[in-house]
Amino acid sequence: MKNYKADLHIHTCLSPCADWEMSPKRIAEVCEHKHIDIIAICDHNSAENAGAVMRAGKEKGICVLPGIEICSKEEVHILTLFEKLDQANIMQEYVYSHLKGENNPELFGYQVVALETDEVVCESPKMLIGAAQVGIHDIIDKAHTLKGICIASHVDRTTYGIIGQLGFIPPDLPLDAIEISSQMTTDEAKGKIQGIEKLPIIKSSDAHSPESIGRSYTIFLMIAPTFKELSLAIKGRDGRKVSA
């Protein structure tokens with residue numbers, strides 16, 4: 001086993017708040033330059049660019065996991081990560097069925113769907129910046145039925161973090177891990193955030209621009225940079241673990 005560098009929260013140009021430079025090809029190039037072994041694409045409420053980044057990453061030897069950062073009806077952000085694109089697409093359709101409204105690009109930002117060559121396919125008309133009208137328990141249950149990993153996003157932030165929105169982490173919420181932002185260390189999180197005592201803590205960039213990719217990351221001890229190995233490391237099984 002060896003240590004692998006992971007950034008499990010990266011947005012593309014599909015997210016209305018992300019830079020246009022966050023194209024599939026550009027993301028793969030930056031990750032190669034920064035020696036990141038495994039990433040997850042987690043656009044707001046959508047996985048429409050995940051496949052393109054997976055293909056671009058494969059050319060660079062980077063494992064790219066398809067994911068979605070879902071905004072629940074409580075306005076809590078949850079990362080859902082999957083092994084295969086079809087699982088993420090099923091989760092996307094579930095989110096879309098609970099997502100109301102159409103995007104106003106002039107007001108909220110453009111939502112660009114692109115290929116791994118960076119050719120623009122279209123703009124998503126969905127209101128991706130909004131909240132899906134489904135609760136966090138149901139989101140996690142659905143992701144788990146699809147064999148996904150569920151991580152509470154940036155729990156140290158007041159905006160869209162589970163602590164900031166609810167005031168606590170529900171004890172019956174079956175999270176697999178929590179994510180802290182680059183503004184807090186793991187030791188600080190353990191000392192300041194209640195309810196995370198039994199949950200693995202990961203760090204990721206929540207990158208919305210190329211220069212932000214990898215600004216915060218997690219080191220996992222695993223046999224290989226794969227979804228299955230990552231799942232074992234998060235659970236601390238068979239010698240795999242979160243190293244740093």
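Rounded to the nearest 20 debye, what is the charge dipole size of the chain about its Cα centre when +1 sits on each Lys and Arg Cβ and -1 on each Asp and Glu Cβ?
Dipole of the chain, to the nearest 20 debye: 860 debye.
Would you mind working out the magnitude of the charge dipole of region 1-118 relative to its Cα centre, with +1 at each Lys and Arg C-beta and -1 at each Asp and Glu C-beta, to the nearest 20 Debye?
400
Could you state the number of Å between the C-alpha centres of region 134-165 and region 9-64?
21
Among DSSP bridges having both ends in the chain, what percentage is antiparallel? Round to the nearest 5.
The antiparallel proportion sits near 55 percent.
Expressed as a whole percent, how much of the Cα-Cα distance distribution for region 22-72 exceeds 16 Å?
The share of Cα pairs beyond 16 Å in region 22-72 comes to 32 percent.
Say we join alpha carbon atoms closer than 10 Å with springs in a Gaussian network model of the chain; which of Cys71, Cys63, Cys122 then has the biggest fluctuation?
Result for the chain, Cα springs under 10 Å: Cys122 fluctuates most.
Which of the residue pairs Lys34/Lys147; Lys190/Lys241; Lys84/Lys228 have a Cα-Cα distance greater than 23 Å in the structure shown?
Cα-Cα > 23 Å for Lys34/Lys147; rest within.
Between Glu106 and Glu211, how many nm apart are label points set 7 Å from Cα along the C-beta direction?
3.0
Can you compute the label reach from Ser182? Point 7 Å from Cα along the Cβ direction, backbone N cut-off under 20 Å, restricted to region 29-61.
29-44
Show the residues, 5+ positions off or on another chain, whose built amide H is closer than 5 Å to the amide H of Leu65.
Excluding prolines and chain starts, which carry no amide H, the hits are Ile39, Ala40, Ile41.
Rule-based calculations on the coordinates, nothing more; no lab input. Just so it is clear, the structure is predicted and the values come from calculations on it, not from any experiment. Using ideal geometry, Cβ is built from the backbone for each residue, glycine included, and neighbour counts are taken over all protein chains shown.
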